[in-house]
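> Shown below is the structure under consideration.
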Amino acid sequence: MKPRWKLSVEAFGKIERAEVDVRPLTLFAGPNNSGKSYLVSLLWGLVALPGELVPQECPELEAANAWIAQRVEEGKASFEHDLTVEELGLFDRLFDALLLANRSRLSRRLFHSDSVTLGAISLQRACAERRLRLRWRRGPDGQFVAEAIWSGENGIYAEIDRPTISYAREVARDLVMRAAVLERLSTALPGEMDAFEDFTPVYLPASRTGFMHLYKAAARRSLHETFRRTAERRDFSLDLTTPAFHFIDMLAFGLKSEQSQLKREQFPSYAEEAAFLEQSLTGEVELVAGAGAVNEYRYRPAGTPAPLPMQLSSALVTELAPLVLVLRHLSSFPALILEEPEAHLHPELQRRIAQVIGRLVHKGLFVWVTTHSENFCQEINNLIKLGSLPPDKRARAQQALGYGPNDYLDLDDVSGCELKLDPTGERSTAVAMRRTEAGLVMPTFNRAIVKLSQDVAYLDGLLNA
């Protein structure tokens, strides 16, 4: 079973309360301004900002420190230990305690504002079948290495670059804690994220066209202000969330035309999915290194000799290009957060993105999506229906309907969260969508469709009276 979690929050911005069943594919739907982006931003922060979980004195920290001290001892060259269910539970409780204690710090870092409150938060593993091994060894260069391995030889590691036992124990404790709770989402242990980190979840915000038009100006202005002499510096800020800043940093500096040999060997390739999406553009999206090391992107329509700059390309290209580029030029990120994948796309292309998402989930990528599109969600439900069929019937349906062999979803890998506004529109709550073999039941779209159908019937009746 693939790992999943239950995220619980209270008094989070306008969200009164929410319990989110977080699975490899999680859909967030609901009215505008109901809090969907807040929830996916928070999920991004839980994985991407470990440095915000500052240790606070509490019984859980004391117990975890004692556990680590018994195993990471001065002079011990190596050891291995398989954690028991009770020991895993200890690190679960530590993560939750640090999360609650640092909730305001985390929210402030995410949103660059004190106005987004976070009254309570909890992230708990929803499936108990886990295996985790802590391995301590001396590396070839003489430095100690702590490894947390959750299945086979897959895991995360950290080199101990300071020769103190207290620091070594802190690193080992935090490594085990993140691996115990987040498992495969802990592809790496990033630090303070001063620069783009390609082991961090990728967040593709809404309004991607605007970002594609302005990222170079924002990146260059930021660098210009950074290198001004102190006496001449002016305040420079963009009112963006940290995930949005990370997206700009990725566009400007993070994507590379060639990935390292190590990453090609260790991480899955999403080049096929990128090519499948790019077919919809009747052309190619190109990455070229720009002046000042800021990346540039161009669109080359099929059959034309010269490429177009992004500002002269259609909204279809500028909305879809970031996803194509990420899938082609990154592979080590553990999760993809995609806001409004349907924006500016014909229903046919919305279905194509849903198929790509299904294929990415098959390859082990976690994908969390906010959406307003019943067409996109219906295609997700079609993929769930395919996954609910016996293999022989599924193959027959795939051939009849033009799907590929991996165009299906296992129901156990999918969940949906619906945000509901109260009558005033000032507060919202989140409820889980019902899961069936026919897909997710989505009242937020069903109500709108029923109301539209009733209005059509009423007006037709008047015309024909």
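> Quick check on my filter: what residues within the stretch 289-306 are free of Cβ contacts under 8 Å to residues at least 24 places away in the same chain and on the phi < 0 side of the Ramachandran plot? Walk me through how you get there before you give the answer.
Going residue by residue through the stretch 289-306, those that are free of Cβ contacts under 8 Å to residues at least 24 places away in the same chain are 291, 298-306.
Answer for the stretch 289-306, where residues must be free of Cβ contacts under 8 Å to residues at least 24 places away in the same chain and on the phi < 0 side of the Ramachandran plot: Ala291, Arg298, Tyr299, Arg300, Pro301, Ala302, Thr304, Pro305, Ala306.
> Looking at the stretch 377-423 only, could you name the residues that are among the hydrophobic types (A, V, I, L, M, F, W, C) and more than 25 Å from Pro268 (Cα to Cα)?
Matches in the stretch 377-423: Cys377, Leu389, Ala397, Ala400, Leu401, Cys417, Leu419, Leu421.
> Here is a follow-up. Applying the selection to the stretch 417-443, what residues are more than 10 Å from Lys14 (Cβ to Cβ) and among the hydrophobic types (A, V, I, L, M, F, W, C)?
Cys417, Ala430, Val431, Ala432, Met433, Ala438, Leu440, Val441, Met442
> Among the residues of the stretch 1-59, count how many are in a loop (DSSP other than H, G, I, E, B) and of a type in the set (Lys, Arg). Spell out the reasoning first.
We begin by selecting, within the stretch 1-59, every residue in a loop (DSSP other than H, G, I, E, B); these are 1-4, 13-14, 23-24, 30-35, 49, 53-58.
Filter again for of a type in the set (Lys, Arg), leaving 2, 4, 14, 23.
Total satisfying the criteria: 4.
> Being under 29 Å from Ser314 (Cα atoms) and not acidic (Asp, Glu) narrows it down to one of Arg351, Arg394, so name that one. Before the answer, list the steps.
Values: Arg394 fails: under 29 Å from Ser314 (Cα atoms).
Answer to the check: Arg351.
> Within the stretch 48-59, is there a residue that is under 29 Å from Ile380 (Cβ atoms) and either of a type in the set (Phe, Trp, Tyr) or touching a strand residue (DSSP E or B) at 6+ places or on another chain (Cβ under 9 Å) (or both)?
Yes, that holds for at least one residue.
> Next question, about the same structure. Just one of Leu440, Leu419, Leu411 is in contact (Cβ under 8 Å) with a residue 40 or more places away in the chain, out of contact with any Phe, Trp or Tyr (no Cβ under 9 Å at 6 or more places or on another chain) and closer than 26 Å to Val20 by Cβ; which is it?
Leu440
> What single numbered condition from (1) touching a residue at least 12 places away in the same chain (Cβ under 8 Å); (2) of a type in the set (Phe, Trp, Tyr); (3) more than 13 Å from Ala29 (Cβ to Cβ) fails to hold for Phe376?
(3)
> From (1) within 26 Å of Pro31 (Cα to Cα); (2) crowded, with 17+ Cβ neighbours inside 10 Å; (3) touching a helix residue (DSSP H, G or I) at 6+ places or on another chain (Cβ under 7 Å), pick out the condition that doesn't hold for Asp410.
Only one criterion is unmet by Asp410, namely (1).
> Filter the stretch 128-142 for residues that are in a loop (DSSP other than H, G, I, E, B) and among the aliphatic types (A, V, I, L, M); which is farthest from Arg71 (Cα to Cα)? Walk me through it before giving the result.
Applying the first criterion (in a loop (DSSP other than H, G, I, E, B)) to the stretch 128-142 yields 128-132, 139-142.
Narrowing the set further to residues that are among the aliphatic types (A, V, I, L, M) leaves 128, 132.
Working: Ala128: 24, Leu132: 15 Å.
Here the residue is Ala128.
> Only residues that are more than 25 Å from the chain's Cα centre (by Cα), farther than 25 Å from Ala448 by Cβ and polar (S, T, N, Q): list them for the stretch 385-426, please.
Answer for the stretch 385-426, where residues must be more than 25 Å from the chain's Cα centre (by Cα), farther than 25 Å from Ala448 by Cβ and polar (S, T, N, Q): Ser388, Gln398, Gln399.
> Look through Ser332, Ser313 and report the one residue that is closer than 15 Å to His213 by Cα and touching a residue at least 12 places away in the same chain (Cβ under 8 Å).
Ser313
> Would the stretch 345-364 turn up any residue that is part of a loop (DSSP other than H, G, I, E, B), out of contact with any Gly (no Cβ under 6 Å at 6 or more places or on another chain) and farther than 28 Å from Thr282 by Cα?
We begin by selecting, within the stretch 345-364, every residue part of a loop (DSSP other than H, G, I, E, B); these are 345-346, 363-364.
Among the residues that remain, those that are also out of contact with any Gly (no Cβ under 6 Å at 6 or more places or on another chain) are: 345-346, 363-364.
Retained after the next criterion (residues that are farther than 28 Å from Thr282 by Cα): 364.
Among the residues of the stretch 345-364, at least one is part of a loop (DSSP other than H, G, I, E, B), out of contact with any Gly (no Cβ under 6 Å at 6 or more places or on another chain) and farther than 28 Å from Thr282 by Cα, which makes the answer yes.
> Of all residues in the stretch 101-146, which are touching a strand residue (DSSP E or B) at 6+ places or on another chain (Cβ under 9 Å), modelled with pLDDT under 90 and among the aliphatic types (A, V, I, L, M)?
Matches in the stretch 101-146: Ala126, Val145, Ala146.
> Within the stretch 287-313, how many residues turn out to be exposed (fewer than 15 other Cβ atoms within 10 Å of the Cβ), under 27 Å from the mean Cα position of the chain (by Cα) and either among the hydroxyl-bearing types (Ser, Thr, Tyr) or outside any helix (DSSP H, G or I) (or both)?
Matching residues across the stretch 287-313 total 2.
The values are calculated or read from the model by the stated rules, or taken from the named source; none is laboratory data. Everything quoted here is computed from the prediction, not taken from an experiment. Backbone-built Cβ (ideal geometry, glycine too); neighbour counts: all protein chains shown.
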